[in-house]
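Enquirer: Handing you a structure now.
Throughout, read-outs are computed from the coordinates displayed, never taken from laboratory work. The shown structure was predicted, so the numbers you read here are calculated from the model rather than taken from an experiment. Quick reminder, even Gly has a Cβ in these numbers, built from the backbone with ideal geometry, and neighbours come from all protein chains shown.
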Amino acid sequence: MALVFAALATGFVFVCGANDGAALLSLALRREVPLAGVLAVLLTAIVVGPALFGLAVARTFTDRLVDARAVRGPLILLAGVAVALALVLLLTWRGVPTSLTLAVLGGLAGAGAGVGVPPVWSTLGLVLAVAAAAPLLGGLLGYLLGLAARRLPTSARLPGALRYAHVTAFAGQSLAYAANDGQKMFAVVGVALAAAHRARGMLAPSLPVLCGTALVFAAGAVLSLRRIARGATAGLLPPRPWHVVSAEVAAATAVLGSAGFGVPVSMTQSAAAGLVGAGASCGVRRVRWQFATPVMTAWLVTLPASLALGYAVGLVLREVAA
């Protein structure tokens, strides 16, 4: 079982990089900001995240939604994460960034219900409500920041100031990812560590484990970067530098604020919504809504599909265990 969990955790972190990491990098990359620089910022945030913010969001997956310390807890986590991986791999391969967080939540809830250990539905309802509100907040903040950015006076110093603002905003966005959305990785890795030590629940990852997690995440992000960059989010609008900065600040604010409640939300959703809001500040025609449709469709499909698939897998496991 420990080897199965280790393999699953490695694959899960890689897919997080391919889905979340590549989406964040594709938005941040600019000619004056090299890949190595933004990747180093993101990986540093992942490594220091648990020390700075704790693991409250990670424990929502392992304690508040499904009890990983229960007899069938590890089995539910194994099935739920496997379902999420299968679903998101399909969408990532098509170049459509979706919510891996929603996929994991649906997979865990469905697998638990199928096995006969229902999740805490009130917790799931709260998480889904906040997850739905975060992109709306990100879009609104992106719009307001976009309006404010348009009032900036033009000067010779403006490009340099925007470059500095972009790097600072991306650093904040990376920290917000480590505080919230990225903690699903810490949850899966922590359960894998517990399985290796024959313990129940989740163990806090050590610094060497976090460094290894960051390297696997980086591999997934870099290998999937070109595919994600050609995906639907990249076509939402022709972004100007201040569009990107507005979207990054909006997404970081929405996601980091949700982390205070211990509720996981999707960074890719919030960042895309922030970009749409910033673009809409120049007029709704600035946004290429035809590219937003497949992204929104993928988000709407993710939760019910992972819930149904997780329930089916849970029923099979229940019959096998019987």
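Enquirer: Could I have the simple spin-label model distance between LEU315 and ARG200, label points 7 Å from Cα toward Cβ, reported in nm to one decimal?
Expert: So the label points at LEU315 and ARG200 sit 2.9 nm apart.
Enquirer: Which residue, THR268, THR302, THR123, has the most motion in a Gaussian network model of the chain that connects Cα atoms within less than 10 Å?
Expert: So, out of THR268, THR302, THR123, the one fluctuating most is THR123.
Enquirer: Next question, about the same structure. Sorted by average packing, counted as other Cβ atoms within 10 angstrom per residue and highest first, what order do 164-173, 105-114 take?
Expert: The densest-packed peptide leads the list: 105-114, 164-173.
Enquirer: Near TYR177, within a Cβ-to-Cβ distance under 13 Å, what is the net charge of the other residues, with Lys and Arg +1 and Asp and Glu -1?
Expert: -2
Enquirer: With a sphere of radius 13 Å drawn around the Cβ of SER246, what net charge do the other residues whose Cβ falls strictly inside it have (Lys, Arg +1; Asp, Glu -1)?
Expert: Neighbourhood net charge equals +3.
Enquirer: Moving on to the next point. Estimate the FRET efficiency between ARG163 and ALA219 by the formula 1/(1 + (r/R0)^6), using the beta-carbon distance for r and 35 Å for R0, to the nearest 0.05.
Expert: 0.80
Enquirer: May I ask you to derive the FRET efficiency for VAL284 and LEU90 from their Cβ-Cβ distance with R0 = 22 Å, giving the value to the nearest 0.05?
Expert: 0.10
Enquirer: In deg cm²/dmol and to the nearest 500, what is the mean residue ellipticity at 222 nm of the chain if only DSSP H runs of at least 4 residues count, each as -39500 (n - 2.57), divided by the residue total?
Expert: Computed mean residue ellipticity for the chain: -25000 deg cm²/dmol.
Enquirer: Around VAL33, which amide H atoms from residues at least 5 apart in sequence, or from another chain, sit under 5 Å from its own amide H, with H modelled in the peptide plane?
Expert: The list, which skips near neighbours in sequence, is empty: none.
Enquirer: What is the Cα centroid distance between region 199-230 and region 26-57, reported in whole angstrom?
Expert: Their Cα centres are 12 Å away from one another.
Enquirer: Placing +1 at every Lys and Arg Cβ and -1 at every Asp and Glu Cβ, with all other atoms neutral, what dipole size does the chain have around its Cα centre, in debye to the nearest 20?
Expert: 720
Enquirer: Write down Rg/Rh for the chain, rounded to two decimals, with Rg from the C-alpha atoms and Rh from the Kirkwood relation over Cα pairs.
Expert: Dividing the radius of gyration by the Kirkwood radius yields 0.98.
Enquirer: Continuing with the same structure: For the residue pair CYS211 and ARG226, what label-to-label distance in nm results when each label sits 7 Å from Cα along the Cα-to-beta-carbon direction?
Expert: Placing both labels 7 Å beyond Cα along the Cβ direction yields 3.1 nm.
Enquirer: Rank the residues CYS282, CYS16 as a footprinting-exposure proxy: fewest other Cβ atoms within 10 Å of their Cβ go first.
Expert: CYS282, CYS16
Enquirer: Further, regarding this structure: By how many degrees, 0 to 90 and rounded to 10, does the Cα axis of helix 207-229 deviate from the longest principal axis of the chain?
Expert: Once rounded, the angle reads 60 degrees.
Enquirer: Residue farthest toward the positive end of the dipole of region 2-321, with Cβ of Lys/Arg at +1 and Asp/Glu at -1: which of SER306, ALA169, LEU215?
Expert: Checked the options; the winner is ALA169.
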